[in-house]
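The values are calculated or read from the model by the stated rules, or taken from the named source; none is laboratory data. As the structure is a computational prediction, the values presented were derived from the model and not from experiment. Heads up, the Cβs are rebuilt from the backbone with ideal geometry, glycines too, and the neighbour counts pull from every protein chain shown.
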Amino acid sequence: MSRKSIRATLLKLGAGLTVITVLTAIVLGPSLTVQGVPVSIILKFLQDEPARDAYFSENKQGLHNRLQELGVEEEIKAFYRPQFSDETELDQHIHQIFYDATGYVGKAYRVNAAGTLVLIDRHYEKWYPLAYQAGVVVDSFYENDTHYVVGPDGITAPYRQVAKVFPIRTLKQLIELKPVEDSLPEGNQL
């Protein structure tokens with residue numbers, strides 16, 4: 001067999017596999033995934049040169065940033081949301097998929113010995129939304145393996161210190177009192 005006929009055969013085989021893959025994706029639709037990633041998102045990734053370049057050059061942070069710009073994380077979350085009742089568990093599942101596919105570890109996670117992502121501080125994930133709703137904090141950031149919160153007065157402190165003063169139970173009580181405070185005339189606040 002000549003080199004030309006081998007090459008032609010390989011090209012036909014490659015084209016045939018591509019057609020089968022595309023037809024399978026069309027027939028199975030949005031339920032088809034590869035390593036947990038919906039095929040529609042893989043196709044979106046493959047069409048984006050900066051994302052491909054970051055992936056093949058092993059630029060994990062660059063790839064993560066580009067996927068954020070493309071809205072990929074939200075698309076994958078939308079795909080998996082019906083399977084999860086807890087947003088934190090959904091987020092961890094999505095980040096595990098990203099880690100398995102790219103090696104990227106989100107700043108809120110660490111990798112255990114089994115290669116599974118573990119949320120650095122699950123308590124923070126429950127505490128912060130309540131603290132924000134209660135008006136105890138107005139912002140937060142993560143730096144040097146520590147969650148920091150910003151109070152309404154602009155003071156920044158490690159969240160664990162603030163959480164000792166305002167545990168979840170206290171935050172829930174503050175939230176319950178909030179409508180009562182808001183309805184009182186000015187100067188008559190509790």
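The single condition from (1) at pLDDT below 95; (2) over 30 Å from Ile97 (Cβ atoms) that Ser140 fails is (2). Summed over segment 103-114, the residues that are touching a Lys or Arg at 6+ places or on another chain (Cβ under 6 Å) and either crowded, with 16+ Cβ neighbours inside 10 Å or in contact (Cβ under 8 Å) with a residue 60 or more places away in the chain (or both) give a count of 1.
Applying the set (1) closer than 20 Å to Leu117 by Cβ; (2) without any contact (Cβ under 8 Å) to a residue 12 or more places away in the chain to Glu75 leaves exactly one unmet item: (2).
Taking each residue of segment 8-36 that is within 20 Å of Ile76 (Cβ to Cβ) and looking for partners that are modelled with pLDDT of 70 or more and charged (D, E, K, R) with beta-carbon atoms closer than 9 Å, six or more apart or interchain, yields Gln35/Asp100; Gly36/Asp100.
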